[in-house]
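Below you'll find the structure, written out as structure tokens, and then a few comments.
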Amino acid sequence: MQSIETLIDQGQFPLANQALQDHYAQACATNTTAMVLAEMIPLGLRILEDGEFEDRWAVSKLLSQWGNGVIGPLLKVWRNEGLETEHRWFAGRLLAHFPQADTIAALVQVLTTSDSEELTAIAAQSLAQIGQPALEALIPLLAEPETRRLATKALAQIPSRAVIEPLLAVMQDADETIRTWAISALANFADASILPALQAACTDLSPRVRQEAVTALGNASHFIEANEVIAQLQPRLFDLNLEVCQRAAIALSRVKTDQCATVLWSVWRSPTTPSALGLTILQSLAWLESPLALHYLHQAFAQAPDPEKLEIIQLLGRIQSPELAPEIEKILEQWIPAKTQRDSDIALATKLAYSWGKLQQVSAIPQLRLWATHSQPGLRLQAIAALKQCMALQKV
């Protein structure tokens, strides 16, 4: 230990960390950890006090493994308002590994009294990491406006059904951030009791809350009736906030019914639909991976501007459904340009080559061979890459 102490005295913290790690590994191998920890813990704490950020980070990994003997010293650091914030921050982060009552109490005390954003944030994070044992300390903090936001943030990170009821209770809070955190966390639970909150959040005044709500509804489609989910999501395709509209389209793609495909198609066809939303709808139709959605994408190609045409070709190449593969191949073959002289035709051919390669479409090999000698480098290289993919399958 003398050599490690010397390294610390000299400020050679990376070497000291490595020496501590080696010494601990040796102690574990010889079942002598209890004997050496009494000497190692003070040395590790010195690095935590005096080291640079990287040194503190490295020694924290060791201290977290060294048992309850580190709790007392860490609590002294955590509670000492005279110490630098980064030193205390590391102590608070380490306390998450020790879910004892005094640890939880110390974290809650700083969470509710400190003016430091860094320390209150790490206190919330550590309490969330402690999880279930911290719930009894966190839930009462929701009653106070001064601590409600941080308590919500901590509860939202705890994967326990016990947080559902307290998070539902803050869904009427005036702070949109609290409502956003709550609805995002509630979405992680397959529980019908959250449905009214999701429905209400879809019409929340805050776009952030609405965005989280429509995403949550899409994820909840495995335990909520599809018709109910569609009924909530369809109006959001016309939301005043574009990102809400886009998230609603993506959420509908997770429901995977023909009704969703029809709803999305009707919005794409509307002349008032923004181009950004139209693009998201095309992507959502592709993610549905259904015959009807494929039919709509085929129709869309004839009506879409050139950038969206290229997107449709690329999307078809990414569809993984074996059942749809024959129909996709037929569709792509219909879009082969007669000539590849104009920039638009070259761009179209390049996307076709990309999709054929992704699909490993053997029937496209003759056309790819023609394009593999094209004078335009982008098309030529894409055709060669696609040929390798298609011919690899042919060899198998």
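The values are calculated or read from the model by the stated rules, or taken from the named source; none is laboratory data. Note that the structure is predicted; figures quoted are calculated from it, not measured. Cβ coordinates were reconstructed from backbone atoms using ideal geometry, including for glycine residues, and neighbour counts include every protein chain displayed. SASA here: full protein model, heavy atoms, side chains in, ligands and nucleic acids out. Shrake-Rupley method; radii C 1.70, N 1.55, O 1.52, S 1.80 Å.
Please tell me if Asn241 is over 21 Å from Pro207 (Cβ atoms), open to solvent by 10 Å² or more (accessible area, probe 1.4 Å) and in contact with a helix residue (DSSP H, G or I) (Cβ under 9 Å, 6 or more places away or on another chain). Considered against the rule, which asks whether it is over 21 Å from Pro207 (Cβ atoms), open to solvent by 10 Å² or more (accessible area, probe 1.4 Å) and in contact with a helix residue (DSSP H, G or I) (Cβ under 9 Å, 6 or more places away or on another chain), Asn241 comes out as no. Would you check if Asp306 is of a type outside the set (A, V, I, L, M, F, W, C) and modelled with pLDDT of 95 or more? No, not satisfied.
Pull up segment 274-319, narrow it to residues that are assigned to a helix (DSSP H, G or I) and acidic (Asp, Glu), then point me to the one that is farthest from Gln234 (Cα to Cα).
The initial filter retains those residues of segment 274-319 that are assigned to a helix (DSSP H, G or I), namely 275-288, 291-303, 306-318.
This time we only want the ones that are acidic (Asp, Glu), so: 306, 308, 311.
Values: Asp306: 27, Glu308: 23, Glu311: 24 Å.
It comes out as Asp306.
Yes/no per residue for (1) touching a residue at least 40 places away in the same chain (Cβ under 8 Å); (2) exposed (fewer than 14 other Cβ atoms within 10 Å of the Cβ); (3) of a type in the set (Ser, Thr, Tyr):
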residue	(1), (2), (3)
Thr6	no, yes, yes
Tyr24	yes, no, yes
Leu62	yes, no, no
Trp66	yes, no, no
Pro73	no, no, no
Val77	no, no, no
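Residue by residue, here is whether (1) open to solvent by less than 70 Å² (accessible area, probe 1.4 Å); (2) in contact (Cβ under 8 Å) with a residue 40 or more places away in the chain; (3) closer than 23 Å to Ser290 by Cα holds:
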residue	(1), (2), (3)
Arg318	no, yes, yes
Ser321	yes, no, yes
Glu327	no, no, yes
Glu333	no, no, yes
Ser344	yes, no, no
Gln361	yes, no, yes
Leu368	yes, no, no
His374	yes, no, no
Gln382	yes, no, no
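Residue check: Ala105 meets all listed conditions (1) out of contact with any helix residue (DSSP H, G or I) (no Cβ under 6 Å at 6 or more places or on another chain); (2) crowded, with 18+ Cβ neighbours inside 10 Å; (3) closer than 30 Å to Glu49 by Cβ but one, namely (2). Checking each residue in segment 173-198 for being loosely packed, with under 15 Cβ neighbours inside 10 Å, aliphatic (A, V, I, L, M) and assigned to a helix (DSSP H, G or I) picks out only Ala192.
Segment 62-142 holds helices (runs of 4 or more DSSP H) entirely within its bounds, and those carrying 1 or more residues that are among the basic types (Lys, Arg) map to 71-79, 85-95.
If you go through segment 163-172 one residue at a time, do you hit one that is in a helix (DSSP H, G or I), among the acidic types (Asp, Glu), under 22 Å from Gln125 (Cα atoms) and open to solvent by 30 Å² or more (accessible area, probe 1.4 Å)? The answer is yes; a qualifying residue exists. When residues in segment 26-49 are screened for being within 35 Å of the chain's Cα centre (by Cα) and either over 30 Å from Thr85 (Cβ atoms) or open to solvent by 40 Å² or more (accessible area, probe 1.4 Å) (or both), 1 of them pass.
When we screen Leu297, Leu279, Leu264 for residues that are in contact (Cβ under 8 Å) with a residue 12 or more places away in the chain and open to solvent by 20 Å² or more (accessible area, probe 1.4 Å), the only hit is Leu279.
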